[in-house]
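Undergrad: Input: one structure, supplied below.
The values are calculated or read from the model by the stated rules, or taken from the named source; none is laboratory data. Because the structure is predicted, anything quoted here is derived from the model rather than measured. Cβ atoms come from the backbone with ideal geometry, glycine included; neighbour counts cover every protein chain shown.
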Amino acid sequence: MSSQAVRADRGIITPFNVIAGIIVIMGMVLTAWRFAGGLGAVTNLDNHYPWGLWIGLDLMAGVALAAGGFVTSAAVHVFGMKKYSSAVRPAILTGFLGYALVVIALHYDVGRPWRLPYPFIMSQGTTSLLFEVAACVALYLTVLFLEFSPAAMEWLGLKRARLIVVRLMLLLTIFGVVLSTLHQSSLGALFLIAPGKLHPLWYSSYLPVFFFVSAVVAGLSMVIFESSITARYFADKMDETHKQQKTTVAFGFAKAAAFTLAGYFFAKVIGIAVDNNWHYLATGYGAWFLVELLGFVALPAFLFAIGAREQRLGLVKFTAGWSVFGIILNRLNVSLIAFNYHLPASERYFPSWQEIGTSIFLITLGLIAFKFIVTRMPILYSHPDYPDEH
Amino acid sequence: MALTRRKFLGWLGAGAAATTAAAVKPAVAASNKHFEGHPDSNAVLHDLVACVGCRRCEAACNKVNDLPEPDQPFADLTVLETKRRTTEKAYTVVNRYDGLRPSGQPVFAKKQCNHCLEPGCASACFVKAFTKTPEGPVVYNPKVCVGCRYCMVACPFEIPAYEYQKAFDPEVVKCTMCHPRIMEGKLPGCVSVCPTEALVFGKRKDLLNTARQRIARRPDLYVDHIYGENEMGGTSWLYISDVPFEKAGMRMDLGITPAPALTAGALAAVPMIAALWPVLLGGVYLMSTRRDKEAHQEKEDALKSAREQEQAAAKAALKKASEDAAKAQQKAVEKAVKDALAQAEKKREEEQKAKQQAQEAGQSPDGQGQESEEES
């Protein structure tokens, strides 16, 4: 209570608001610059690098980090692990905001964003994996919105509409898992068409599988990571159930992440073995590949296992952050760092400050939306009118 | 926007694609059919031996396609000092490679869209903006292009360029093999001006024969390979050379798999996942709820039997207690009756005794005796 009072005294001028405000103003300038001047005015994209940071980070990594929604809702609603029920709403919210940001980022990246519905209404290029990606993004964003909507409807007092959605929750969850499986894997499958451009250590016919499995890791880690953040900054919004389940969620998800990472590690090794790419490990790219495989797959698998076994919450939280970073690194490797590996250094891509600034702006938008929703809607607590749900 | 049959079918297709997430085009997915190109389609044969690097093809291309003025004039051969690729301003470029021939003569190689038989760009485009025409050229339709640039990622030859500088109507730019000119019966711009027959236009199957003949005639000179015959499933631009192709900027590590085959497996998995995942997940859900239900039922059963045992025990105790009580009561009743009888007997005896005493006492006054009788 006292902390709330202090916060109220400070009013609008909080460090978060000031920094977020500056970033938003910068972002609006960059937005105007992008749409008035074209992609060439703000990006370092060129004919060799049609995809840059906005695809590599905002789309590829963004979608992976939004996987917590489907992982958690599947665990609770499909697998019946009720002890994680309090993690569903925050994870769905993060997933929804993540996907919404992906769609916003796409509007910046494509040349004619007002034509984004064209694949559905004008000309269906069904031989394209990008068609699958587009269809899944559109459908899954809708599913996430519906899965999130009960929280908003409790806040707004729309009891009847809420009841309809709650009754559909199992169906929505299963549909969400199907769409996520397709969508996460299809992002990896996008690169199947470019064996000549992606370094053989990262190129594999198993790319769709790698992307899906690592997305599950990203989802699990993000739930742990995010709950440690909310516990610090929104503790006053959490009810007893959430506080009690918090550590159960962290250790349970850490154990799941340890197993999934171990599976992912062996899948990656099999990927090298199948294509007999061992000799590349001795090259510079090989060293970088080993950094990713050992440092960001094997190590977090091991640390998660220790953290879960010895009940060390601090270690689990640290490892969650570490493995989230590892997944981001993997997506950047595939889409940018190991992409066009055959080009001379002078023709390689590095993002412009405007591209980096726009990405920071979009992430900030997500944080602002998260804060707005968490402080108003029943995300971290059960609404008193609907005590049995969630 | 009138509703045409084609558009309606397209919508149906989108609906089907939305439900199964993608409808895979037949023939590319699981099939042992090998597409060898449209019959009688056209092609161009580029002979590196004959090319002198005059750049007239570049100039002609620029002219017939109304491309913007180049930064340096086409006559300026110093442009060849740096390696170039196709850009949004140039459909084709000629590059020079030094030190490959024993004679010291440089090698020149022209670069443009290779017009694949099964193009990666067309396979990758999610709005079908690229078409492989029966005439041979791969053409682009800017009217539907969203500008995602996946075609540029997909192209193994690094050909499509993008108009990054345009804010409102940027397009993908690439060589069209002068499709409009071919339809008019004319030669492609570059071929029409080539002074040395380093570029020859014709039917693809004829040009393959021409290429084989040239190689057969000078086996000492030519590398025994026709680049584009099988690369990425085959292309409509063919190359023969007296120097190794990879030294002249052409990649030999692309393989012979056509681009669509690279993604066919992943696409084929989509409807399977859409079909089977719900079954699997539904099954998991039913198993988990059933397990919960069974656990609940077991608990209930255990509670019930415990309760029944308890009840039975309680009943027995109650029965015993009530029997005991009944017995006790009977005893009490019997005792009371006995007592009462005994008392009554005693009283009677006493009365008799009293009467006897009174009689024995002789003739006591009658009235007294009568009176006491009446009172009792």
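Undergrad: Do the conditions hold for residue B:217, that is, is it under 39 Å from the mean Cα position of the chain (by Cα) and not acidic (Asp, Glu)?
TA: Numbers: under 39 Å from the mean Cα position of the chain (by Cα): no; not acidic (Asp, Glu): yes.
No; evaluated as a whole, the condition is false for this residue.
Undergrad: I'd like to check something: does the stretch A:209-219 contain any residue that is within 30 Å of residue B:257 (Cβ to Cβ), buried (at least 18 other Cβ atoms within 10 Å of the Cβ), small (Gly, Ala, Ser) and over 23 Å from the mean Cα position of the chain (by Cα)?
TA: No, that holds for no residue.
Undergrad: Can you confirm whether residue B:323 is farther than 30 Å from residue A:132 by Cβ and within 14 Å of chain A (Cβ to nearest Cβ)?
TA: no
Undergrad: Just give me the residues in the stretch A:322-347 being outside any helix (DSSP H, G or I) and touching a residue at least 24 places away in the same chain (Cβ under 8 Å), in sequence order.
TA: Matches in the stretch A:322-347: A:338, A:339, A:340, A:341, A:342, A:343.
Undergrad: Does the stretch B:20-37 include one or more residues that are modelled with pLDDT of 80 or more, of a type outside the set (Ser, Thr, Tyr) and part of a loop (DSSP other than H, G, I, E, B)?
TA: Checked against the condition, which is being modelled with pLDDT of 80 or more, of a type outside the set (Ser, Thr, Tyr) and part of a loop (DSSP other than H, G, I, E, B), the stretch B:20-37 yields no hits at all.
Undergrad: So which of A:249, A:274, A:297 ends up being more than 22 Å from residue A:336 (Cα to Cα), surrounded by 14 or more Cβ atoms within 10 Å (Cβ to Cβ) and aliphatic (A, V, I, L, M)?
TA: Numbers: A:274 fails: surrounded by 14 or more Cβ atoms within 10 Å (Cβ to Cβ); A:297 fails: more than 22 Å from residue A:336 (Cα to Cα).
It is A:249.
Undergrad: Identify, from the list A:31, A:43, the residue that is of a type in the set (Ser, Thr, Tyr), in contact with a Gly (Cβ under 7 Å, 6 or more places away or on another chain) and modelled with pLDDT of 90 or more.
TA: One residue alone meets the criteria, A:43.
Let's see how each residue does on (1) polar (S, T, N, Q); (2) in a loop (DSSP other than H, G, I, E, B):
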| position | (1), (2) |
| --- | --- |
| A:355 | no, no |
| A:358 | yes, no |
| A:362 | no, no |
| A:367 | no, no |
| A:371 | no, no |
| A:380 | no, yes |
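Undergrad: Could you pull out the residue among A:358, A:364, A:375 that is within 25 Å of residue A:26 (Cβ to Cβ), more than 18 Å from the chain's Cα centre (by Cα) and touching a residue at least 24 places away in the same chain (Cβ under 8 Å)?
TA: On the way: A:358 fails: more than 18 Å from the chain's Cα centre (by Cα); A:364 fails: more than 18 Å from the chain's Cα centre (by Cα).
Just a single option satisfies the conditions, and that option is A:375.
Undergrad: Being acidic (Asp, Glu) and either away from chain A (no Cβ under 14 Å) or assigned to a loop (DSSP other than H, G, I, E, B) (or both): is that true of residue B:292 here? Before you say what the answer is, go through the steps one by one.
TA: Numbers: acidic (Asp, Glu): yes; either away from chain A (no Cβ under 14 Å) or assigned to a loop (DSSP other than H, G, I, E, B) (or both): no.
No; evaluated as a whole, the condition is false for this residue.
Undergrad: When both residues are 6+ apart or on different chains and their Cβ atoms are under 6 Å apart, which pairs have a first residue that lies in the stretch A:260-272 and is part of a helix (DSSP H, G or I), and a second that is small (Gly, Ala, Ser)?
TA: Sorted first by the residue in the stretch A:260-272, then by its partner, the pairs are A:261/A:301; A:262/A:301; A:264/A:214; A:265/A:298; A:271/A:204.
Undergrad: Do you know which residues across the stretch B:239-260 are more than 10 Å from every other protein chain (Cβ to nearest Cβ) and assigned to a helix (DSSP H, G or I)?
TA: Step one: list which residues in the stretch B:239-260 are more than 10 Å from every other protein chain (Cβ to nearest Cβ), which gives B:239-250, B:252, B:256, B:258.
Listed by number, the residues that qualify are B:245, B:246, B:247, B:248.
Undergrad: In this structure, is residue B:128 farther than 25 Å from residue A:41 by Cα and basic (Lys, Arg)? Give the derivation first.
TA: Working: farther than 25 Å from residue A:41 by Cα: yes; basic (Lys, Arg): yes.
Yes; evaluated as a whole, the condition is true for this residue.
Undergrad: Same structure, new question: Would you confirm whether or not the stretch A:223-236 contains a residue that is within 25 Å of residue A:180 (Cα to Cα), touching a Ser or Thr at 6+ places or on another chain (Cβ under 8 Å) and of a type in the set (D, E, K, R)?
TA: Yes, because at least one residue in the stretch A:223-236 is within 25 Å of residue A:180 (Cα to Cα), touching a Ser or Thr at 6+ places or on another chain (Cβ under 8 Å) and of a type in the set (D, E, K, R).
Undergrad: A further question follows. Let me confirm something: among B:164, B:150, B:97, which residue is surrounded by fewer than 24 Cβ atoms within 10 Å (Cβ to Cβ) and in contact with a Leu (Cβ under 7 Å, 6 or more places away or on another chain)? Write out each step before concluding.
TA: Details: B:150 fails: surrounded by fewer than 24 Cβ atoms within 10 Å (Cβ to Cβ); B:97 fails: in contact with a Leu (Cβ under 7 Å, 6 or more places away or on another chain).
Selected residue: B:164, the only one of B:164, B:150, B:97 that is surrounded by fewer than 24 Cβ atoms within 10 Å (Cβ to Cβ) and in contact with a Leu (Cβ under 7 Å, 6 or more places away or on another chain).
Undergrad: Residues in the stretch B:183-204 that are touching a residue at least 60 places away in the same chain (Cβ under 8 Å) and over 20 Å from residue B:53 (Cα atoms): how many?
TA: Within the stretch B:183-204, residues that are touching a residue at least 60 places away in the same chain (Cβ under 8 Å) and over 20 Å from residue B:53 (Cα atoms) number 3.
Undergrad: Right, here's the next one. Run down A:78, A:71 and say which single residue is more than 10 Å from every other protein chain (Cβ to nearest Cβ), hydrophobic (A, V, I, L, M, F, W, C) and crowded, with 18+ Cβ neighbours inside 10 Å. It would help to see each step written out before you state the result.
TA: Values: A:78 fails: more than 10 Å from every other protein chain (Cβ to nearest Cβ).
Answer to the selection: A:71.
Undergrad: Right, here's the next one. Condition first: more than 7 Å from chain A (Cβ to nearest Cβ), under 37 Å from the mean Cα position of the chain (by Cα) and more than 20 Å from residue A:42 (Cα to Cα). Now tell me which residues in the stretch B:146-198 satisfy that.
TA: Scanning the stretch B:146-198 gives B:151, B:155, B:157, B:159, B:160, B:173, B:174, B:175, B:176, B:177, B:179.
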